[in-house]
Amino acid sequence: MDTTAIPGRRMGPLSGAEGARGQPGTRVGGLPRQRARLVTCITAALCCMGEDCGDEGVTNTVIHGDGTIERSVVQRRVAFPVDPASAGWQQIRNNATPADAEASWRSPQKPLQETNLFGVRGRFSRAEDIPAHTRLANGSAYPVRRKYQRRALVFAWEHSWTETFPQTRRLSAALEAAEIMYDDRVWENEVLFDEVYGRVCDASPFYRWARTEGRTWVLELTTALLVADFDPLSEAFLDEYLAIARKHGFDPSAQGPFKDAWWHPVSRFARTRFLALARPRGDAGPVSEEMASLAVGEAEEPDGGPIADARKRVTARFGSPLGSIREEPWARLTGDLASSPSTTDTLTMPGIVVESTGEQIAPNRVRWRSGRKEAWSARGLTLAATSLEPSVSAQRAMGVKITTHEDLVRWRDLYNALGEEDAARVVQSVKQRSRRPLLEWWRSPACARVPEVGAVLGFLKWKPGPR
């Protein structure tokens, strides 16, 4: 086979770094190395991201009543943009475990088995003072924006937290990278197949299909998965997946449930196309399932077997391992983040959490188990939560009890509806430990928000009497 005539192949060996990391079992670009798959090479890699393939990381944040912020991070050391020892963290722990993010570090560290996780902890006066602990592919810090606000509502405190991870991926660049990676996989699969079965099977009709119609629908699937933020289990992706598959001639649902392994029907369809298009040469026997497995990049390759030996010969011929993920297109496909750690973010706030973008696991705690894969999307990712904490001293001074979730939210809404002068009278009443300033203001002709002030008086059970 004249490989120089194959369209789409970027000829020439990989760089030294890429080649060195392309051996079986190694990690390329911080991600598990994928075998060269014709149909599922792009989508399987993206599913790995969506399913958080990688070492687990945990970030635990505690907002204290005085407004200080304590943060613990456990993750791979290479994910930090700078050496944690010089970044402003107050405590550092080697060979950490995810449980260390919430455990007390006051006692000496016990001898642990070696792990590849690293723990840091610190307490900071402002959210902006928390050191960066996620890096971009170029080694710089990921520009995360953090903001914490503490607002007085007289009888309660409102605590608001936002942590925004800006988008790092442009869809157009990701699709361009997907095309490069797919074209390379087609070329590599054909080279390897020809090395193993070229004398007995002509697979060129199948690979022509793979570069035309097959290429179109695989990239359509990739687009759908990118738009769905790498979530292959979302209804939006599965609906689009079914529509794309049926448009190109196969029905995934015809072979039984597939939701948890949607790529299996894709693989079966590719094998079916190979068996229909490939032709035996001369007196060779019929095209086999084993050939189909190799053609789509899913054949077993035991050490010393014919496929493994053929791969070595092809690697020696072209100067780079087949199946390596090229770091430059992969970075464009996944965004600028250096890795995709499986990250659980937990936030503990004073009082009761009343609003959040995460899962509330306790009255004052929220958890996000996104793996931050949304940060690779065009929208970015925002972790946000708001809590309300009773102001014990103010409530005690005025004989008020506002402690439940419902009452705290109601008080906040009523207080937010007041004007500046109205709110000042509430503060004045608490300072004087008397209802008179607010009652007199409500009866005054200068009070412009009579219904709103009256609603506050009614909620506090301060009988205003006639106006």
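The values are calculated or read from the model by the stated rules, or taken from the named source; none is laboratory data. Given the structure is predicted, the values throughout are model-derived calculations rather than measurements. Cβ: placed from backbone, ideal geometry, glycine included. Neighbour counts: every protein chain shown.
Descriptive notes on the structure:
- Subset of segment 451-467 (residues that are part of a helix (DSSP H, G or I) and buried (at least 16 other Cβ atoms within 10 Å of the Cβ)): Glu452, Val453, Ala455, Val456, Leu457, Phe459
- Every residue from segment 290-303 that is in contact with a helix residue (DSSP H, G or I) (Cβ under 7 Å, 6 or more places away or on another chain) and either surrounded by fewer than 15 Cβ atoms within 10 Å (Cβ to Cβ) or not assigned by TED's automatic domain parsing to the domain that holds Trp209 (or both): Pro302
- When segment 432-449 is filtered for residues that are surrounded by fewer than 15 Cβ atoms within 10 Å (Cβ to Cβ), assigned to a helix (DSSP H, G or I) and under 52 Å from the mean Cα position of the chain (by Cα), only Gln432 remains.
- Tyr182, sole failed condition from (1) surrounded by fewer than 23 Cβ atoms within 10 Å (Cβ to Cβ); (2) hydroxyl-bearing (Ser, Thr, Tyr); (3) at pLDDT 85 or above: (1)
- Residues of segment 122-145 satisfying the condition of being crowded, with 19+ Cβ neighbours inside 10 Å, at pLDDT 90 or above and assigned to a strand (DSSP E or B): Gly122
- In segment 244-293, the residues that are among the aromatic types (Phe, Trp, Tyr) and at pLDDT below 80: Phe250, Phe258, Trp262, Trp263
- Output for segment 401-431, where each listed residue is more than 38 Å from the chain's Cα centre (by Cα) and in a helix (DSSP H, G or I): Glu420, Glu421, Asp422, Ala423, Ala424, Arg425, Val426, Val427, Gln428, Ser429, Val430, Lys431
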